[in-house]
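Below is one structure, written out as structure tokens; the observations come after it.
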Amino acid sequence: MEYWEFNKGEWTEAYVFLRLLGDGRLYGASADLMKDEQTYIDIINIIRDEPDKCLIFERFLKDEIAYVQSFNSDEKLKIVTAPELSEKAAYLYETIKNITAGDRRLKIPEIQSYLEELNIDSPKANLSKAAKEKYGAKTDIIITTEDSFDHIRTVGGFSIKSHLGSSPTLFNSSSTSGFVYRVVGCNEEEMHQLNYKKDFQKIIKSIRENYSLEYVGCRNEIFEQNLRMIDWRMDEILSNAMLMQIGYKDGWKSNSIESMCEALAKENPLGARNPQFFYESKIKCLLFASFAGMTATTEWNGRKKLSGGYIDVDRKGEMLYYRAISDDIFENYLFKHTYIDRPDGGRNKDLAFAIAKARIEEQRELTNAEKNTIIYVNGKEGKKKSKKEDFGYVYQEGDNFYIVVNFKIRFK
């Protein structure tokens, strides 16, 4: 038997699948992530619409016992009891919870065997292109539900965010996201002096004391256009916010989105007439767009396609949901429960430091062999090490010197 290896977030998707089918009900949440006993959805079925098959897991009652019947299109595959599914979900939760922090890829043979018996090939659903188009690009699970208020049945795609591992991300950074600033007054030797400091905050502190930063633009044209789909000057808003977040400008007291908007309103970089409302409104639009599928790497058409909602899994394994509609409750939840995080620099930052270190400590150039140990996985050629989010060092283009500030948005 070849064992699956998946991270905590991917295994959590299997936990949600088992738990929903087992429990049969999911409660709604307030803007403060509190359980609302009056708002819930009952689970009618879960659909795994994948490129090579479409599995349907349907709940039904018989003799006061809940069962789940699985189909592959119209072919009946298996019937299991709902309590059995809940038991497997509880086992999976305890396993995920007790895994040590260093174990990034997990093998859980008992759950793998159980899922394979249900004709499932992975804890994470591999949704077909048609399913993503229909239910939303960030859909993790497709559920037919019955609403507690009007008892209407709907089929919707839900995104899953898990707190069982690292804090989940709302907006993922990449080597194409981020903002470019020119380091005014810098020369080549001073570039190496800055990169030799290695620590990003020390580099920014030195730039603040000895140079100045001039905003150039987004690093990637796709990222810029996607931001402008939200607002034509969104990149200006965020580029100013980043200067406060990294400490180049004063005003931002913490990494929370709320604090960021307070700092923006105080500085008012766009000269808005009502800054206390303007920046909060714009950032909420950014958060919702990020949740709805806007990224830095793929051209976005501005559609906020979300047919279901968002399922939050807390550290105790409890689950609550939000309907994915652009209303105050959900946007306020995103606003209150997200923060700006700084990502990893990647191999180019490591290379910039190594070049600077050789120049300053030994007055020499880094050899090609030394560069290759930083660039390539095997230290010679072939597969390159990850660029990750590729930021946090000063680089030269022509006669000018630049630095990229990158970011990601996480859930608290």
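The values are calculated or read from the model by the stated rules, or taken from the named source; none is laboratory data. Source: prediction; values computed, not measured. Here the Cβ is made from the backbone with ideal geometry for all residues, glycine too, and neighbour counts use every protein chain on show. To get the accessible areas, we keep the full protein, side chains included, count just its heavy atoms, and leave off ligands, DNA and RNA. Shrake-Rupley method; radii C 1.70, N 1.55, O 1.52, S 1.80 Å.
For the stretch 198-217, the condition of being at pLDDT below 95 and under 21 Å from the mean Cα position of the chain (by Cα) holds for none of the residues.
The single condition from (1) free of Cβ contacts under 8 Å to residues at least 60 places away in the same chain; (2) crowded, with 17+ Cβ neighbours inside 10 Å that residue 118 fails is (1). Picking from residues in the stretch 272-298 that are hydroxyl-bearing (Ser, Thr, Tyr) and buried (at least 19 other Cβ atoms within 10 Å of the Cβ), the one that is farthest from the chain's Cα centre (by Cα) is 279. Each residue in the stretch 384-406 was checked for being open to solvent by 50 Å² or more (accessible area, probe 1.4 Å) and at positive phi, and 2 pass. In the stretch 392-407, the residues that are in contact (Cβ under 8 Å) with a residue 12 or more places away in the chain and in a loop (DSSP other than H, G, I, E, B) form Cβ pairs under 8 Å with partners that are buried (at least 19 other Cβ atoms within 10 Å of the Cβ) and among the polar types (S, T, N, Q), at six or more places apart or across chains, as follows: 392/406; 393/195; 393/348; 406/173; 406/177; 407/173; 407/177; 407/245. There is no residue in the stretch 284-304 that is touching a helix residue (DSSP H, G or I) at 6+ places or on another chain (Cβ under 9 Å), among the β-branched types (Val, Ile, Thr) and modelled with pLDDT of 95 or more. Applying the condition of being outside any helix (DSSP H, G or I) and in contact (Cβ under 8 Å) with a residue 60 or more places away in the chain to the stretch 255-271 and asking which residue is least open to solvent (accessible area, probe 1.4 Å) yields 256. Just so you know, in the stretch 1-34 the residues that are open to solvent by 10 Å² or more (accessible area, probe 1.4 Å) and without any contact (Cβ under 8 Å) to a residue 60 or more places away in the chain include one that is nearest to residue 322 (Cα to Cα), and it is 34.
Each row is one residue, and each column tells you yes or no for (1) open to solvent by 10 Å² or more (accessible area, probe 1.4 Å); (2) in contact with a strand residue (DSSP E or B) (Cβ under 9 Å, 6 or more places away or on another chain); (3) within 29 Å of residue 13 (Cα to Cα).
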| position | (1), (2), (3) |
| --- | --- |
| 328 | yes, no, yes |
| 337 | yes, yes, yes |
| 352 | yes, yes, no |
| 358 | no, no, no |
| 366 | yes, no, no |
